[in-house]
Structure formats: C-alpha cells, structure tokens
Amino acid sequence: MIAVIDYGAGNLRSVINAVNSLGFEPLVTSNPEDIRRADKVILPGVGAAGSTVESLKQQGLDAVIAEYIAAGRPFMGICIGMQVLFDYTEEGGGAECLGIIPGRVKKLPASLKVPHMGWNQVSQVNLHPVFKGIEDESYFYFVHSYYVEPEDDSIIIGSTRYGIDFASAVASGNLVAVQFHPEKSG
C-alpha cells in the first residue's frame, strides 16, 4: 500500500492522480497506524513549512514520519514535504522543522522573482534510481520561495539553477525528497 499523508493542506489530488497513473491505488490518510502499515509513504505539500509542521504535530504524524524513515522504509517528500524534513526554516520569521535531515531551509535571494514558478531543469548530481529513465537536465515544475541547504552535500542528487544553484532533490537510504512537483511534471 502507498500512503499519501493528508495533514489538512497540500496538493493531494495531483499526487493521487499521478500514483493512479502508475497503476496503484493510494490510501490518503492522516492515521498514524495506516502510515505504519504502508509499504511506501508520500508527503506532498504546498504552503508554509511552519504551519505544515504544526499540523503534522497536532495530528501525531511527526513521530510516525520520523519512525518510518528511521526504519529505512521508502519515503518521498514533495516541495513542503521536502522542506519540513530539515532542521529549521527561515520562513515566517523562522521555525523548527522535523529535524530528520540535518540542514536549513533558506529564502531565495531577494533579487529573484518569487515564487520561483514554472519549468526548470534538474541536473543529476549523483546517480540515483529515482532518475532511472529520466535524462539529465530534464525539466520539472517548481513553485517555491524557499530552498533546502543540507549540511551533507553528499545527499544531493539533483541541483537546479535559479539565480543560485540549489539542491532540488536529495536522497538518503530509502528517503527521497524533491523541491519540484513530479506529480505535475509528467
């Protein structure tokens, strides 16, 4: 079973459609027990990292996400679902995140138009199975004003240039997280 975490916000419909198009029927859930039983978990997201973390905590989903990832089980974070995995975000004056991946979430430079919205290329920095069959420098759809800065650069598997180079995909064990929206990228 593929569980798609519903924390009260996010782009659930697009993710559900993408998973369905791959031939799977996802379970959309906010129940920690469903997440524990899942074979794979997706944390989609749109919005603000701080309020996302608060919602996850209020529903008891923060602990089950940390437990699931620590067990080495397949997990994917998308957009805000990526950002909340880090230690801290600058967004909204600053907020603690889930602290699963060491690093920070930083605001794109003021000189750039934000949000960074539209199609942009992802350079495959490190070979990873998530990019199997996808050409290097392929275009993906982005909508964000913040980007992740991992403490350990070796987890960066994809990088994107938008005024600056930033990590647009990271992986560690069975955890993969992307700043872009694969469910909208085709």
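How many nm separate the modelled label positions at Tyr139 and Glu25, each set 7 Å beyond the Cα in the direction of the Cβ?
Simple spin-label model gives 3.6 nm for this pair.
Compare Met1, Met117, Met82 by solvent-accessible area with a 1.4 Å probe and give them largest first, with all protein chains kept in place. Before the final figure, lay out each step's value.
On the way: Met1 75, Met117 120, Met82 0 Å².
Most to least solvent-accessible, the answer reads Met117, Met1, Met82.
For a protection proxy built on the mean count of beta-carbon atoms within 10 angstrom, sort 94-102, 129-137 highest first, please. Mind dumping the intermediate values first?
Numbers: 94-102: 17.8, 129-137: 10.8.
Packing proxy ranking, top to bottom: 94-102, 129-137.
Could you compute the net charge surrounding Tyr141? Neighbours are other residues with a C-beta less than 12 Å from the C-beta of Tyr141; K and R count +1, D and E count -1. Display every interim value, and only then the final one.
Details: positive: Lys184; negative: Glu183.
Summing Lys and Arg as +1 and Asp and Glu as -1 gives 0.
Can you tell me the equivalent ellipsoid semi-axes for the range 8-61? Use √(5λ) from the Cα gyration tensor, largest first, whole Å. Walk me through the intermediate numbers first.
Numbers: eigenvalues 85, 46, 10 Å².
Sorted largest first and rounded, they come to 21, 15, 7 Å.
Between Ala66, Ala110, Ala38, find the one with the highest GNM mean-square fluctuation for the chain; connect C-alpha pairs within less than 10 Å.
Ala110
Between the alpha-carbon centers of the range 154-179 and the range 104-134, tell me the distance in whole angstrom.
Using only Cα atoms to place each centre, the spacing works out to 7 Å.
Using the structure shown, select from Lys107/Lys132; Lys57/Lys113; Lys40/Lys113; Lys57/Lys107 the pairs with a Cα to Cα distance greater than 25 angstrom. All intermediate terms of the calculation are to be shown ahead of the outcome.
Numbers: Lys107/Lys132 30 Å; Lys57/Lys113 32 Å; Lys40/Lys113 35 Å; Lys57/Lys107 23 Å.
Going by Cα-Cα distance, Lys107/Lys132; Lys57/Lys113; Lys40/Lys113 fall outside the 25 Å limit.
Can you tell me which aspartates and glutamates have their Cα less than 12 Å from the Cα of Lys106? Leave out same-chain residues fewer than eight positions away.
Asp87, Glu90, Glu91, Glu149
Starting from the exponent 0.38 and prefactor 2.2 Å, build the expected Rg for the range 43-114 from its residue count and divide its actual Cα Rg by it. Let's see the in-between values first.
Values: Rg = 12.4 Å, N = 72, 2.2 N^0.38 = 11.2 Å.
After normalising by residue count via 2.2 N^0.38 Å, the value is 1.11.
Rank Leu12, Leu22, Leu61, Leu27 by accessible area, highest first, at a 1.4 Å probe radius?
Values: Leu12 30, Leu22 130, Leu61 0, Leu27 60 Å².
Ranked from most to least accessible, the order is Leu22, Leu27, Leu12, Leu61.
Hey, of (1) 120, 27, 24; (2) 43, 39, 29; (3) 77, 32, 29, which did the structure itself give for Cα extents along the principal axes in Å when calculated?
Step by step, Cα extents along the principal axes in Å for this structure corresponds to label (2).
For the chain, what proportion of DSSP beta bridges, expressed in % and rounded to the nearest 5, is antiparallel?
So the antiparallel bridges amount to about 65 percent of the total.
So what is the 222 nm mean residue ellipticity for the chain from helices alone, if each DSSP H run of at least 4 adds -39500 (n - 2.57) and you divide by all residues, rounding to the nearest 500 deg cm²/dmol?
Working: 6 runs with 44 residues, N = 186.
Helix-only estimate at 222 nm: -6000 deg cm²/dmol.
Going by the alpha-carbon gyration tensor, a ≥ b ≥ c the square roots of its eigenvalues, is the range 83-186 rounded (a/c under 1.5) or, if a/c is not under 1.5, prolate (a/b greater than b/c) versus oblate?
On the way: a/c = 1.86, a/b = 1.18, b/c = 1.58.
The shape class here is oblate.
Taking Cα atoms of the range 1-104, Rg/Rh with Kirkwood Rh, to two decimals? Don't skip to the end; give the middle numbers.
Numbers: Rg = 12.9 Å, Rh = 13.6 Å.
Looking at the range 1-104, the ratio lands at 0.95.
Provide the per residue accessible area, probe 1.4 Å, for the range 1-91, rounded to a whole number of square angstrom.
On the way: 3740 Å² over 91 residues.
Averaged over the residues of the range 1-91, the accessible area is 41 Å².
Counting only residues 5 or more places away or on other chains, whose amide H sits under 5 Å from the amide H of Val4 once H atoms are built in the peptide plane?
Residues meeting the amide H criterion: Leu27, Val28, Thr29, Ile42.
The values are calculated or read from the model by the stated rules, or taken from the named source; none is laboratory data. All figures in this text were calculated on a predicted structure; none of them were measured in a lab. Cβ sites come from the backbone with ideal geometry, for glycine too, and all protein chains shown count toward neighbours. Note: accessible area is taken over every heavy atom of the protein model, side chains too, but ligands, DNA and RNA are not part of it. Shrake-Rupley method; radii C 1.70, N 1.55, O 1.52, S 1.80 Å.
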